[in-house]
Amino acid sequence: MDTDLAGLWSCWKDVLMPPRKRRSFTTEFKVEAAHRVIDSGRTIAEVARELGLNDGLLSNWVKDERRRIAAAEVHGEKPLEAAERAELLRLRKQVADLEKDNAFLVKASAYFAAM
């Protein structure tokens, strides 16, 4: 009887406590989110609400990006402007799409070669 109850409890536990969804963010997303605050002058809370993020998480990203900008200026380097960052993101997306297409073509050619 105890083993039956244990099995029943494990089923109910899965229903009552859904698994926690953990999100991971790319470096590009973090930088872009930080620049939404830095470039626009909007508050961290506004941008965090817009992106569906925690304020503290976005605050850390903004601090990191401001430190990176300051370090670049010390070495005489100029940080990317908003238009340059947008172009870089577009190109990275295009490369990612091409890599997906290439992977599909490799699988398709292997499939047809096997036939």
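Taking 104, 25 and ordering them by how much accessible surface each has at a 1.4 Å probe, largest first, produces 104, 25. With the alpha-carbon atoms of the range 50-91 aligned to their principal axes, the span from lowest to highest coordinate is 34, 26, 12 Å, starting with the largest.
Were the residues from residue 96 through residue 42 laid out at 0.36 nm apart, the gain over their Cα-Cα distance would be 16.4 nm.
In order along the range 69-80, the Karplus-derived 3J(HN,Hα) couplings, from 6.51 cos²θ - 1.76 cosθ + 1.60 at θ = phi - 60°, round to 5, 5, 5, 5, 5, 4, 8, x, 8, 9, x, 5 Hz, and Gly and Pro are given as x. Candidate cross-link partners of residue 30 among the aspartates and glutamates, defined by an alpha-carbon separation under 19 Å and a same-chain spacing of 8 or more, comprise 39, 46, 50, 55, 64, 65, 81, 84, 87. Rounded if a/c is under 1.5, else prolate if a/b beats b/c, else oblate: with a ≥ b ≥ c from the C-alpha gyration tensor eigenvalues square-rooted, which is the range 27-98? Oblate.
The values are calculated or read from the model by the stated rules, or taken from the named source; none is laboratory data. Here the structure is a predicted model, which means the values were calculated and not measured. Heads up: the accessible areas ignore ligands, DNA and RNA and are worked out on the full protein's heavy atoms, side chains in. Shrake-Rupley method; radii C 1.70, N 1.55, O 1.52, S 1.80 Å.
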